[in-house]
Amino acid sequence: AQSVTQLGSHVSVSEGALVLLRCNYSSSVPPYLFWYVQYPNQGLQLLLKYTSAATLVKGINGFEAEFKKSETSFHLTKPSAHMSDAAEYFCAVYVGGANSKLTFGKGITLSVRP
Amino acid sequence: NAGVTQTPKFRVLKTGQSMTLLCAQDMNHEYMYWYRQDPGMGLRLIHYSVGEGTTAKGEVPDGYNVSRLKKQNFLLGLESAAPSQTSVYFCASSRSAGRSYNEQFFGPGTRLTVL
């Protein structure tokens, strides 16, 4: 079965600083990987996805993530944080097959300091 | 397109009461899902449906029932609510699943409190 690990529950950065949110996955077959963002009191919105094409994936709002098979990682980065980036971020994995499900990590809350 | 909508947005129940959460999608998606979100737990799948008239259990199905009588609607029922079911519930839909993954679109959520 697949799983996702997001270490830590909270990350705080200054406005303009690099954002790095870590995600490691476990899967016995090549996975699809996703980052979702949830703004306060809203549903989840897809930020970006890896589906076995390019390993560096660009998403919305200036975010990107790199799939590294050797490290089983899919870390999310943004060069310069903006106040509007404050939200909860979820990494998720999907491996396909008849009964496969989207498996979410526990989420990381990103705070941005002025 | 409204996308995925959920009603109600908020609800407070007493232990033992019942209620139904309604999810509707206007994207003609085959697959629909119910998740619950709890602090520090991420999203966990309760039940899902791969098409009209079919449902299946997810990771945490106990205490919930679902029905998919129409393709566009997916209902989540709590027959006898318990405080452990206090959570935020999200519905999602996708065009299909299997190996050709399609993005899941999420509704805005229903915040349920069971006293």
Which number in (1) surrounded by 13 or more Cβ atoms within 10 Å (Cβ to Cβ); (2) in contact (Cβ under 8 Å) with a residue 12 or more places away in the chain marks the one condition that A:V57 misses? (2)
Taking first residues from region B:64-90 that are among the acidic types (D, E) and second residues anywhere that are surrounded by fewer than 18 Cβ atoms within 10 Å (Cβ to Cβ), the pairs with Cβ under 8 Å that are 6 or more apart or on different chains are B:E79/B:S18; B:E79/B:G63; B:E79/B:N65
Over 23 Å from A:Q42 (Cα atoms) and within 14 Å of another protein chain (Cβ to nearest Cβ) - does that describe any residue in region B:65-88? no
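Suppose we filter A:T103, A:T109, A:T72, A:T51 for residues that are touching a strand residue (DSSP E or B) at 6+ places or on another chain (Cβ under 7 Å) and under 16 Å from A:H10 (Cα atoms); which single one remains? Steps first, please.
Numbers: A:T103 fails: under 16 Å from A:H10 (Cα atoms); A:T72 fails: under 16 Å from A:H10 (Cα atoms); A:T51 fails: under 16 Å from A:H10 (Cα atoms).
Within the list A:T103, A:T109, A:T72, A:T51, the selection yields A:T109.
Every number in this text was worked out from the coordinates using simple rules, so none of it is lab data. Remember, predicted model here, so these are calculated numbers, not experimental data. When we count neighbours, we look across all protein chains shown, and the Cβ atoms used for this are built from the backbone with ideal geometry, even at glycine.
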